[in-house]
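A.B. asks: If you scroll down you'll find the structure; I have some questions about it.
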Amino acid sequence: MVARIGIFVCLLIAFSGLAQEQYIRPGLLAASSTFSPSTMLNRNEQNFYITGFAEYFLDTKFSFRSDTYLFLNSQNDQPTIKDGLRSYFGIAYHFNKGNWDGHLGFQPGVTYMNMKETTTTSTLLPSVALRIGTSYYVWKYFHFFANLTYTKSKLRDYNRGNIQTDELIFSAGLGFQIQTKQRY
């Protein structure tokens, strides 16, 4: 696995010299959907999500971004979460060098979750996400990305009080983009 990642990174670096056009520009609209594993921070559980994002670049340093996480299942025999949806919208700051982009993001949002046990009532609760990631734009229509997102959220359980459902969610894959503005 480590060897494959090393070969992939070397190929990206080798091909980066070939890319002459700058793809990260104002008006860039990027999106993707991927399968994302996560680790809960308040209990020993691993969950899986379908993750989708859409991002619009205001300029080369700032973008608006929306992320949604749809709960699929848990690896544990006695999971805490039965079903859930997390949705966030916020801003990201980018550290670009050519077509390589590192970014930090802050996104307030909402979480809708239900527990395996029947003592909860599903409601929308406020949530927040902090994200760090990297992307490499290899062509004007697609890029590779990897993100690590910390989500701060809770479930409301009327018998036990609020239950923290903070998670670290990892997502990586192939993203797609289009340029919505013509060059100046």
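The values are calculated or read from the model by the stated rules, or taken from the named source; none is laboratory data. These numbers come from a predicted model, not from an experiment. Here Cβ is always computed from backbone atoms with ideal geometry, including for glycine, and neighbour counts include all displayed protein chains. These area figures cover heavy atoms from the full protein model, side chains too; ligands, DNA and RNA do not enter into them. Shrake-Rupley method; radii C 1.70, N 1.55, O 1.52, S 1.80 Å.
A.B. asks: Is at least one residue of the range 65-88 surrounded by 14 or more Cβ atoms within 10 Å (Cβ to Cβ), of a type in the set (A, V, I, L, M, F, W, C), out of contact with any Cys (no Cβ under 7 Å at 6 or more places or on another chain) and not in a strand (DSSP E or B)?
C.D. replies: For the range 65-88, residues surrounded by 14 or more Cβ atoms within 10 Å (Cβ to Cβ), of a type in the set (A, V, I, L, M, F, W, C), out of contact with any Cys (no Cβ under 7 Å at 6 or more places or on another chain) and not in a strand (DSSP E or B): absent.
A.B. asks: Can you name the condition, by its number, that Asp101 falls short on among (1) surrounded by 14 or more Cβ atoms within 10 Å (Cβ to Cβ); (2) more than 17 Å from Asp166 (Cβ to Cβ); (3) touching a Lys or Arg at 6+ places or on another chain (Cβ under 9 Å)?
C.D. replies: Single failed check for Asp101: (3).
A.B. asks: Let me ask something else. Of everything in the range 112-129, what is at pLDDT 90 or above and under 20 Å from Ser74 (Cβ atoms)? Give them in sequence order.
C.D. replies: Ser127, Ala129
A.B. asks: What number of residues within the range 28-42 satisfy the criterion of being assigned to a strand (DSSP E or B) and open to solvent by 30 Å² or more (accessible area, probe 1.4 Å)?
C.D. replies: Residues that pass the stated criteria total 6.
A.B. asks: Additional query: Among Thr34, Thr111, Thr68, Thr51, which is over 11 Å from the mean Cα position of the chain (by Cα) and β-branched (Val, Ile, Thr)?
C.D. replies: From the options Thr34, Thr111, Thr68, Thr51, the qualifying one is Thr111.
A.B. asks: Which condition from (1) part of a strand (DSSP E or B); (2) at pLDDT below 90; (3) not aromatic (Phe, Trp, Tyr) is the one that Asp101 breaks?
C.D. replies: (2)
A.B. asks: Looking only at the range 132-151, filter to residues that are open to solvent by 70 Å² or more (accessible area, probe 1.4 Å) and modelled with pLDDT of 95 or more; which one of those is nearest to His103 (Cα to Cα)?
C.D. replies: If we take residues in the range 132-151 being open to solvent by 70 Å² or more (accessible area, probe 1.4 Å) and modelled with pLDDT of 95 or more, then Ile132 is nearest to His103 (Cα to Cα).
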